[in-house]
Amino acid sequence: MSDEKLVGIVLVSHSAAVAASVAELAVGLAGGGTTAPVAPAGGVEGGGLGTSAELISAAAASVDRGAGVAVLTDLGSAVLTVKTLLAEGDELPAHTRLVDAPFVEGAVAAVVTASSGADLAAVEAAASEAYAYRKV
Amino acid sequence: MLDADFFRRWMTATAASVDREAARLTALDSPIGDADHGSNLQRGFTAVTATLEKEEPQAPGAVLMLAGRQLISTVGGASGPLYGTLLRRTGKALGDAAEVSEEQLTDALRTGVDAVMQLGGAAPGDKTMIDALVPAVEALGESFAAARAAAEEGALATTPLQARKGRASYLGERSIGHQDPGATSSALLIAALEEAAGE
């Protein structure tokens with residue numbers, strides 16, 4: 001496992017505050033030591049609620065260390081925009097995946113797993129598994 | 001035959017009618033959506049018009065590819081990737097021919113609508129833009145006027161439907177009785193074809 005090649009995590013929300021806070025939470029819960037690169041892509045340029053393809057592309061580029069990028073989204077246009085960018089082929093770094101996961105719990109699982117040096121498939125599996133954590 | 005100018009006129013006419021109808025689209029989006037459909041599309045198509053003027057793409061496919069790219073970049077709501085995918089896949093299917101037939105446009109648009117269904121997971125009857133686009137493509141083989149009528153009829157027919165996709169689906173039965181804003185804007189896009197043809 002190499003510290004230089006951690007999987008990057010992008011958190012896409014309709015709200016800049018939600019994306020930034022979930023990123024802060026996930027990094028905080030990942031504990032000390034090296035954490036995987038995490039970038040929020042929240043809201044639209046200029047600050048309103050919505051989804052920005054440009055912010056998503058920039059966030060993905062900023063966390064790409066060559067080990068792949070896992071993208072988690074909240075809903076609606078966030079999901080559709082990431083899917084569209086992936087379908088375009090050249091808008092996101094190679095080995096970028098939209099991960100099907102609950103946003104908050106999935107983000108924590110993804111960042112903790114990626115910080116351990118796990119590969120993209122393991123990060124994706126950990127984030128998706130968060131759907132199965134029952135609370136009652 | 002339809003050249004790049006026709007496709008530019010299509011986009012310009014769509015931008016003009018979205019401008020004209022923005023308040024109505026947003027009003028339709030208020031009870032069952034997040035009240036931004038008109039303003040989102042207005043921002044998107046304003047950007048489309050500006051880019052087409054600046055870059056002057058010379059082929060039908062290139063016009064739609066560029067327009068779709070702008071919508072994906074600038075809309076900010078779900079209609080951005082959905083309309084962006086519609087135009088880009090249609091444009092890609094047209095290839096780089098300098099002129100295309102109405103039949104080629106119909107086939108390409110069918111490819112684009114299929115891509116939208118795949119992206120959003122919506123089928124006819126889900127109370128989405130698909131309910132205007134699918135009948136429009138079917139009628140396009142006949143004429144632009146028939147396509148417009150079919151799209152408008154499809155949009156009106158979304159009123160009694162219960163939404164099964166998107167934010168409106170959270171409302172369940174309460175989404176019944178409202179015309180779908182996406183189907184309504186899709187009907188504007190199709191109506192603009194007839195305008196571009198000068199029929």
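The values are calculated or read from the model by the stated rules, or taken from the named source; none is laboratory data. Predicted model only: the values in this text are computed from it and were never measured. Glycine gets a Cβ as well: all are built from the backbone with ideal geometry, and neighbour counts include every protein chain shown.
Quick check: anything in the range B:11-21 at pLDDT 95 or above, surrounded by fewer than 19 Cβ atoms within 10 Å (Cβ to Cβ), part of a helix (DSSP H, G or I) and within 14 Å of chain A (Cβ to nearest Cβ)? Scanning the range B:11-21 turns up no residue that is at pLDDT 95 or above, surrounded by fewer than 19 Cβ atoms within 10 Å (Cβ to Cβ), part of a helix (DSSP H, G or I) and within 14 Å of chain A (Cβ to nearest Cβ).
Exactly one residue out of A:ASP90, A:ASP100, A:ASP74 is in contact (Cβ under 8 Å) with a residue 60 or more places away in the chain and among the charged types (D, E, K, R), and it is A:ASP74. If you go through the range A:4-19 and pick out every residue that is at pLDDT 95 or above, more than 14 Å from every other protein chain (Cβ to nearest Cβ) and surrounded by fewer than 19 Cβ atoms within 10 Å (Cβ to Cβ), you end up with 1.
With respect to (1) more than 11 Å from chain B (Cβ to nearest Cβ); (2) surrounded by fewer than 20 Cβ atoms within 10 Å (Cβ to Cβ); (3) not in a loop (DSSP other than H, G, I, E, B), the lone exception for A:VAL22 is condition (2).
To keep it simple, each residue is scored yes or no on (1) among the hydrophobic types (A, V, I, L, M, F, W, C); (2) modelled with pLDDT of 95 or more.
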{"position": "A:ALA39", "(1), (2)": "yes, yes"}
{"position": "A:GLY48", "(1), (2)": "no, no"}
{"position": "A:GLY68", "(1), (2)": "no, yes"}
{"position": "A:LEU72", "(1), (2)": "yes, yes"}
{"position": "A:GLY76", "(1), (2)": "no, no"}
{"position": "A:GLY89", "(1), (2)": "no, no"}
{"position": "A:GLU105", "(1), (2)": "no, yes"}
{"position": "A:VAL136", "(1), (2)": "yes, no"}
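Considering only residues of the range A:85-96 that are within 23 Å of B:GLY68 (Cβ to Cβ) and in contact with a helix residue (DSSP H, G or I) (Cβ under 9 Å, 6 or more places away or on another chain), which is surrounded by the fewest Cβ atoms within 10 Å (Cβ to Cβ)? Ranking the candidates gives A:ALA87 first.
When the range A:91-102 is filtered for residues that are at pLDDT 95 or above and among the charged types (D, E, K, R), the ones remaining, listed by number, are A:ARG97, A:ASP100.
Does B:LEU2 satisfy the condition of being buried (at least 21 other Cβ atoms within 10 Å of the Cβ), within 18 Å of B:ILE190 (Cβ to Cβ) and of a type in the set (A, V, I, L, M, F, W, C)?
No; evaluated as a whole, the condition is false for this residue.
Against the conditions (1) within 13 Å of another protein chain (Cβ to nearest Cβ); (2) modelled with pLDDT of 95 or more, B:GLY76 satisfies every one except (2). Please find, within the range B:49-69, the residue that is farthest from the other protein chains (Cβ to nearest Cβ) out of those that are among the acidic types (Asp, Glu) and over 21 Å from B:MET1 (Cα atoms). Across the range B:49-69, the extreme among qualifying residues is B:GLU53.
Scanning the range B:170-185 for residues that are within 14 Å of chain A (Cβ to nearest Cβ) and free of Cβ contacts under 8 Å to residues at least 40 places away in the same chain gives a single hit, B:TYR170. Can you find a residue in the range B:32-48 that is away from every other protein chain (no Cβ under 13 Å), part of a helix (DSSP H, G or I) and either hydroxyl-bearing (Ser, Thr, Tyr) or surrounded by fewer than 20 Cβ atoms within 10 Å (Cβ to Cβ) (or both)? Yes - at least one qualifying residue is present in the range B:32-48. Annotation note: of B:ALA78, B:ALA67, the sole residue that is touching a Gly at 6+ places or on another chain (Cβ under 7 Å) and crowded, with 24+ Cβ neighbours inside 10 Å is B:ALA78.
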